[in-house]
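Q: One structure is given below, represented as structure tokens, and several questions about it will come after.
The values are calculated or read from the model by the stated rules, or taken from the named source; none is laboratory data. Just so it is clear, the structure is predicted and the values come from calculations on it, not from any experiment. Positions of Cβ are backbone-derived with ideal geometry, glycine not excepted, and every protein chain shown enters the neighbour counts. Surface areas here come from the heavy atoms of the whole protein model, side chains and all, with no ligands, DNA or RNA. Shrake-Rupley method; radii C 1.70, N 1.55, O 1.52, S 1.80 Å.
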Amino acid sequence: MKRRVLTNSLWLWSKMMLSVLAIAFAVFYLIRAVPGDITDLHAATGDLTTSDQARMREELGLNASVIEQFAGWLSHAVRGDLGVSLRFQTPVTTMLLDALPDTVMLASAALLIGLFVGGSIALLACAYPQGPFKRIVEALNIWSIAMPTFCIGIIGVLTFSIWLQWLPIRGQLLLPVLIIGLDVAGQVVKPLYEELMDVTRRGFVRTAQSKGLNGWQIAWRHLLPNSSAVVISLIGVIFGTLIGGALTMEVIFGLNGVGGLTFTAIQGRDYPLVQAGLIWMAAAVILVNALAKVLSVAIDPRLRSAE
């Protein structure tokens, strides 16, 4: 048993490392495939002559092949050195750590709202099957599938900031949190509702009904604890949504954070900062997915037997 757990852990860790390495190379290659680099930006503003531009490109190592540049970057990255921003001359690790708290605050608030709204509606739909909550489950799920968060963000700015003038255009958290939270709720509510309905057909639920418990008491005390594995397994997908949603919301609403920092770096062709931001986000999604899988296996005996 211990040997199987150790083997599975090593296999999972190896897959994570290979995934991060593949993503790092893809990011490294793709941002250099786009025409123009930071020397072109300086030359376009008249800050560099042609000879200055060639010398700067040589000093930054941009004339080397992508493989050589990636090998050099990787040798430093494994030691925790992600490079220095080409525009700000500041270590990118420091810049990411400074921006991280704002992104974590936005994502955490949206996650709590999404889980509360999605979980509550799924429980109500299960406890009161004759009520309107089942239709709300479907509507919320379709909303999250059909409506991209960046579209809702732009509509929100036009409606509440420009037309009604209730909220400032930039720097406010209310709309971004609600938009991402609603998207998370839509992703959670349908799978959780279906899992809850599956649990209602089990014997211990009929026993609870025979004891006179009402629908809400059964849902809260018996159905939700037995469906928690579904929520945990969805955390990986939800976290990807949170990262993507936070990136677009930070750009639309002018918020400080990893997403806004990465977008600014892309505009400025700041390769080290772009690489660090995108690879950090990808690594975070991979890590959370792996943790969610481990927790799901630990909680759900059906998944343990399938391993």
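Q: So how far, in whole Å, is the C-alpha centre of region 62-112 from the one of region 127-165?
A: 34
Q: Related question: Could you give me the radius of gyration and the Dmax of region 93-303, taking only the C-alpha atoms into account and expressing both in angstrom?
A: 19.7, 67
Q: Amide H neighbours of VAL84 under 5 Å, counting only residues 5+ apart in sequence or on other chains, H built in-plane at 1.01 Å?
A: HN-HN under 5 Å from VAL84: VAL92.
Q: Diagonalise the Cα gyration tensor of region 1-106 and give the resulting equivalent ellipsoid semi-axes, square root of 5 times each eigenvalue, largest first, whole Å.
A: 36, 18, 12
Q: I've got another one for you. Where does each of THR200, THR94, THR39 land when they are ordered by accessible area, with a 1.4 Å probe and the largest first?
A: THR94, THR200, THR39
Q: Got a number for carbon plus sulfur as a percent of the chain's accessible area, 1.4 Å probe?
A: 67
Q: From the phi of every residue in region 45-59, what ³J(HN,Hα) in whole Hz does the Karplus formula 6.51 cos²θ - 1.76 cosθ + 1.60 yield, where θ is phi - 60° and glycine or proline is x?
A: Karplus-based 3J(HN,Hα) across region 45-59 equals 8, x, 7, 10, 7, 4, 5, 4, 4, 5, 5, 5, 5, 5, 5 Hz.
Q: Could you report the accessible area of ARG221 in Å², rounded to 10, computed with a 1.4 Å probe on the protein chains as they sit in the structure?
A: Its accessible surface works out to 140 Å², give or take rounding.
Q: While we're looking at this one, here's another question. Can you work out D for region 51-190 in µm² s⁻¹ from Stokes-Einstein, where Rh is the Kirkwood radius over C-alpha pairs, the temperature is 37 °C and the viscosity is 0.692 mPa s?
A: D, rounded to a whole number, is 172 µm²/s.
Q: Highest mean first, what order results for 53-61, 276-284 on Cβ atoms within 10 Å?
A: 276-284, 53-61
Q: Further, regarding this structure: Given LEU158, LEU21, GLN130, which one lies farthest toward the positive end of the charge dipole of the chain, if we put +1 on the Cβ of every Lys and Arg and -1 on the Cβ of every Asp and Glu?
A: GLN130
Q: How many percent of all Cα-Cα pairs in region 37-79 sit more than 16 Å apart?
A: 45
Q: Could you sort GLU250, GLU68, GLU195, GLU138 by accessible area so the largest value comes first, with the probe set to 1.4 Å?
A: Order by accessible area, largest first: GLU68, GLU138, GLU195, GLU250.
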